[in-house]
Amino acid sequence: MSEIILASASPRRKELLSNMGLDFTVIVSDADESKADKTVPPHIYVQELAFLKAAASGKKVLKNRDAVIISADTIVVLNDKILGKPKDKKDAFDMLRSLSGKTHNVYTGFCVMRLRDGKTVCRHALTGVRFKSVDDEKIKRYIDSGEPMDKAGAYGIQGLGAMLIDSIIGDYFNVVGLPVSALSDVLEEEFDFELM
């Protein structure tokens, strides 16, 4: 039986993987994300980031031939600009203000890597997110909650940030950080997992 390894410290990804009924171990990746090519389209970029994370965690457990590594990376893209995690409160404010009243895209790239034979499948999911028009005071109050500081695009749809969202088109869980449906398809179709 395969041992699943999640190459992420994200509490949201841990919760989503647990909700899929999977037992897993967390081995946080120490991948050098600066090696990913930011000049490629966003859907390629997030898959490259996920691949780098899977490979870095895989190196830590090479002796475990039964390991299957799952990694993911999520980015927010507005007008072809990638919005990562905010550096500080001002950066968070600028991001949230730029998102206000607009639709942006959330991409999550994910990889599943089996060490036994090196089989690796990387995919991505895309969700469109429409923000309400939000005034500066509400943005400041949201930032003061602390929630935006460790999230791509400076908001968390699964928390207080939900109150800033008008609508989404696509997979909600993709915005949280792990496209559960797409990942389950890959695990079942490519790696012979029985999830339900």
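Observations
- Each DSSP beta bridge with both residues in the chain is either parallel or antiparallel, and the antiparallel ones are about 80%.
- A probe of 1.4 angstrom, applied to the heavy atoms of all protein chains, finds S167 with accessible area near 50 square angstrom.
- With a cut-off of 9 Å between beta carbons, the residues surrounding A182 carry a summed charge of -1, where Lys and Arg count +1 and Asp and Glu -1.
- Applying both filters, DSSP loop and at most 14 other Cβ atoms within 10 Å, to the trypsin sites (Lys or Arg not before Pro) of the stretch 1-63 gives K38, K63.
- Hydrodynamic radius by Kirkwood, which averages 1/r over all alpha carbon pairs of the stretch 142-196, in angstrom: 13.0 Å
- Whole-angstrom gap from the stretch 76-132 to the stretch 170-192, using each part's C-alpha centre: 16 Å
- Accessible surface, the chain, averaged per residue in Å² (probe 1.4 Å): 51 Å²
- Mean separation of Cα contacts under 8 Å (6+ apart) over length of the stretch 1-91, as relative contact order %: 33 percent
- Placing unit charges on the Cβ atoms only, positive for Lys and Arg and negative for Asp and Glu, gives the chain a dipole magnitude near 520 debye about its Cα centre.
- Along principal axes, Cα extents of the stretch 91-155, largest first, whole Å: 54, 23, 14
- Relative counts (whole %) of C-alpha pair distances in the chain, using bins that are 10 Å wide: 9, 36, 33, 17, 4, 0
- Summed side-chain charge close to D150 - residues other than D150 whose Cβ falls under 12 Å, Lys, Arg +1, Asp, Glu -1: +3
- Note on the stretch 21-116: along the principal axes its Cα atoms extend 48, 26, 25 Å, ordered by decreasing extent.
- Taking each residue as 0.36 nm, the span from E189 to K89 lengthens on full extension beyond its C-alpha to C-alpha distance by 31.7 nm.
The values are calculated or read from the model by the stated rules, or taken from the named source; none is laboratory data. Small disclaimer: the values here were computed from a predicted structure and weren't measured. Glycine gets a Cβ as well: all are built from the backbone with ideal geometry, and neighbour counts include every protein chain shown. To get the accessible areas, we keep the full protein, side chains included, count just its heavy atoms, and leave off ligands, DNA and RNA. Shrake-Rupley method; radii C 1.70, N 1.55, O 1.52, S 1.80 Å.
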